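The values are calculated or read from the model by the stated rules, or taken from the named source; none is laboratory data. This one's a predicted model, so the numbers in the text were calculated from it and none came from an experiment. Please note: Cβ atoms are built from the backbone with ideal geometry, for glycine as well, and neighbour counts cover all protein chains shown.
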Amino acid sequence: MSQLILYVALHVLGVVVCMAIGPWQRISLCSALGFAIGLASMVVVSLATLILGVFHIGVVATLYAALLGVCIAGAVKRKRWSLRTVRAAGVGTLGFAILCFPFCYFNFSALSYDSHSFVMYGRIIGADGGLTVDMLERLTSWGVFQVVAHAMTSFVKQDYLYGLAPVFAVSMLATFAVVLTEALDHLRVARLHRVIWTCLVIAVLLAIPLFRFHTIYIHANMASAGYLSFFVMLFWLAEVEQDDTLVPVAFLSLLAFTLLRVEAVPYAIAFLVVTVMKTQLSRRALLPWYLLYTTVLVIWFSLLALSVPSDSIFLTPTKCLLFGAALSLLFLYWLVKDRGLFRHLTPYLSYLAVVACCLGIGFAYVTHGDTMRESASIWLDDLWTSPWWASIWKCAAVLALVGVFLPSPPLHMPLVLGMALFFGLTLIVSSTSTAFGPDIDGGLIRITIHIVPVVLFYGALKFAPLLTTARER
């Protein structure tokens, strides 16, 4: 099997999954999401086989075929496929294959120590067919998602999946464009202006040197940015349009994001608090997917708690248990959030999260002040002056000040509070371990990439309707 065949197979799976459990009436969105959702689905399935020690091409191929067949059968039974959607899906798959072709047959990848670790660990577990205790001990520095994804190297002819990063970037940018277009349509922005704004935002993303670099860099940051933005954008769109079909894909995206980095859990919890805890979507629509999300992560962190060394720098057994407990307690709170005294607390929960984050910053400064001052200084200076960011944060700061005096889009507070919590949590992270390095090698700089698509999405929602109205006048 070649890399192109593997990626097209994952794309097809993702499209079918979206049609079966996701936004089946939005075929363009299903096509755009295809690869990212197919990859997330197979990583979760493959992780289960690795834990059981039965990861090899026969088992994985059987599970792929079973998942594909079940999803096709379910969508057909619900009459979600038509001649139009089949044609559209076929055209989308062909377009995806054409865009991905050069990245599968020419190696544009950039690698670092982390990159080689992802590739090496992926090849090891692919060859071993399981996750040994020794391997689990090594997953204290990196999330498991990229390792499992690169374990699929076992199924292709090449030495490693050098096309994985740019192919994901293709799916991410396509999804961002489709969701932003639909969001602007909901805000009644004219069609031509929607196209202009979408192209402008995509151009801004690609104009950021650090973002362009990560489209070919084998690491967890581009995927983290993609999956986090999918969750935020899809959940916002589900809320404003009361479209429950977007919920399953949103939670699958958040699951992928949470598995990508060892420090992702606090960020995931922050966005759950500002979105799911205050949602007006039906409990019935959210329950199975939120439960699945929580269950997978609790099982995973429980397994890690039994395996990782207690003297680890990043992920210790105590942290694993705390992560599992925090995710479980948040889910239990969600179950009772509209009952008794909880219903009075829930409307203020997101604001309390901001207060807790501020207290956490203060505590981190008191306990690890020297490390925090050094790391935060490097981080903030790089955001403001590094050529890798191309002045994007200077522009964002100016627009944020202007935006204070302008009308806000509907349901803007989850987006605003989510972004605020993201930067607050990153400031807390700056106090951990040793000081973080500068420029492109700095961990805090790479983490900040995760929020960039969300910032641009909110900026477009904020300014596009206003400027469109101004032109019409």
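All told, P209 meets the bar of being of a type outside the set (S, T, N, Q) and in contact with a Pro (Cβ under 7 Å, 6 or more places away or on another chain). Only one of the numbered conditions (1) assigned to a loop (DSSP other than H, G, I, E, B); (2) under 23 Å from A256 (Cα atoms); (3) basic (K, R) is violated by R188, and that is (2). I'd like the full set of residues that are within 18 Å of Q3 (Cβ to Cβ) and among the small types (G, A, S), limited to the stretch 41-51. Across the stretch 41-51, the qualifying residue is only S46.
For residues that are without any contact (Cβ under 8 Å) to a residue 12 or more places away in the chain and in a helix (DSSP H, G or I), scanning just the stretch 96-113, find the one that is farthest from R138 (Cα to Cα).
Across the stretch 96-113, the extreme among qualifying residues is I98.
Checked against the criterion of being under 17 Å from Y458 (Cα atoms) and in contact (Cβ under 8 Å) with a residue 60 or more places away in the chain, the candidates A225, A207, A238, A220 yield just one match: A225.
Could you say whether any residue in the stretch 242-257 is among the hydroxyl-bearing types (S, T, Y), under 13 Å from the mean Cα position of the chain (by Cα), assigned to a helix (DSSP H, G or I) and more than 18 Å from T181 (Cα to Cα)?
Scanning the stretch 242-257, I find at least one residue that is among the hydroxyl-bearing types (S, T, Y), under 13 Å from the mean Cα position of the chain (by Cα), assigned to a helix (DSSP H, G or I) and more than 18 Å from T181 (Cα to Cα), so the answer is yes.
Within the option set A36, A32, being hydrophobic (A, V, I, L, M, F, W, C), closer than 29 Å to L303 by Cβ and buried (at least 24 other Cβ atoms within 10 Å of the Cβ) holds for one residue only, A36.
Exactly one residue among G424, G437 is within 19 Å of P453 (Cα to Cα) and in contact with a helix residue (DSSP H, G or I) (Cβ under 9 Å, 6 or more places away or on another chain), and that residue is G424.
Of the set (1) without any contact (Cβ under 8 Å) to a residue 60 or more places away in the chain; (2) more than 24 Å from the chain's Cα centre (by Cα), all apply to H116 but (2). Considering the stretch 129-139, the residues that are more than 24 Å from the chain's Cα centre (by Cα) and free of Cβ contacts under 8 Å to residues at least 60 places away in the same chain include one that is surrounded by the fewest Cβ atoms within 10 Å (Cβ to Cβ), namely D134. Let me spell it out: the conditions are (1) of a type in the set (D, E, K, R); (2) surrounded by fewer than 19 Cβ atoms within 10 Å (Cβ to Cβ); (3) touching a residue at least 24 places away in the same chain (Cβ under 8 Å), and D370 meets all of them except one. Which number is the exception? For D370, the exception is condition (3).
In the stretch 446-463, is there at least one residue being part of a helix (DSSP H, G or I), aliphatic (A, V, I, L, M) and out of contact with any helix residue (DSSP H, G or I) (no Cβ under 9 Å at 6 or more places or on another chain)? Even if it seems obvious, please write down each step before you answer.
First, pick out the residues of the stretch 446-463 that are part of a helix (DSSP H, G or I): 446-463.
From the residues that got through so far, the ones that are aliphatic (A, V, I, L, M) too are 447, 449, 451-452, 454-456, 460-461.
Remaining after also requiring out of contact with any helix residue (DSSP H, G or I) (no Cβ under 9 Å at 6 or more places or on another chain): none.
Within the stretch 446-463, none of the residues are part of a helix (DSSP H, G or I), aliphatic (A, V, I, L, M) and out of contact with any helix residue (DSSP H, G or I) (no Cβ under 9 Å at 6 or more places or on another chain).
Looking for something crowded, with 19+ Cβ neighbours inside 10 Å and within 25 Å of L417 (Cβ to Cβ) - is there at least one such residue anywhere in the stretch 298-315? Checked against the condition, which is being crowded, with 19+ Cβ neighbours inside 10 Å and within 25 Å of L417 (Cβ to Cβ), the stretch 298-315 yields no hits at all.
Tell me, which residue of the stretch 396-412 that is outside any loop (DSSP other than H, G, I, E, B) and in contact with a helix residue (DSSP H, G or I) (Cβ under 7 Å, 6 or more places away or on another chain) is surrounded by the fewest Cβ atoms within 10 Å (Cβ to Cβ)? So, considering only residues that are outside any loop (DSSP other than H, G, I, E, B) and in contact with a helix residue (DSSP H, G or I) (Cβ under 7 Å, 6 or more places away or on another chain), the one surrounded by the fewest Cβ atoms within 10 Å (Cβ to Cβ) is L399.
Only residues that are within 20 Å of Y217 (Cα to Cα), of a type in the set (G, A, S) and out of contact with any Pro (no Cβ under 9 Å at 6 or more places or on another chain) were counted across the stretch 91-112, and they come to 2. Going through (1) in a helix (DSSP H, G or I); (2) surrounded by fewer than 15 Cβ atoms within 10 Å (Cβ to Cβ); (3) at pLDDT 90 or above one by one, R471 falls short only on (3).
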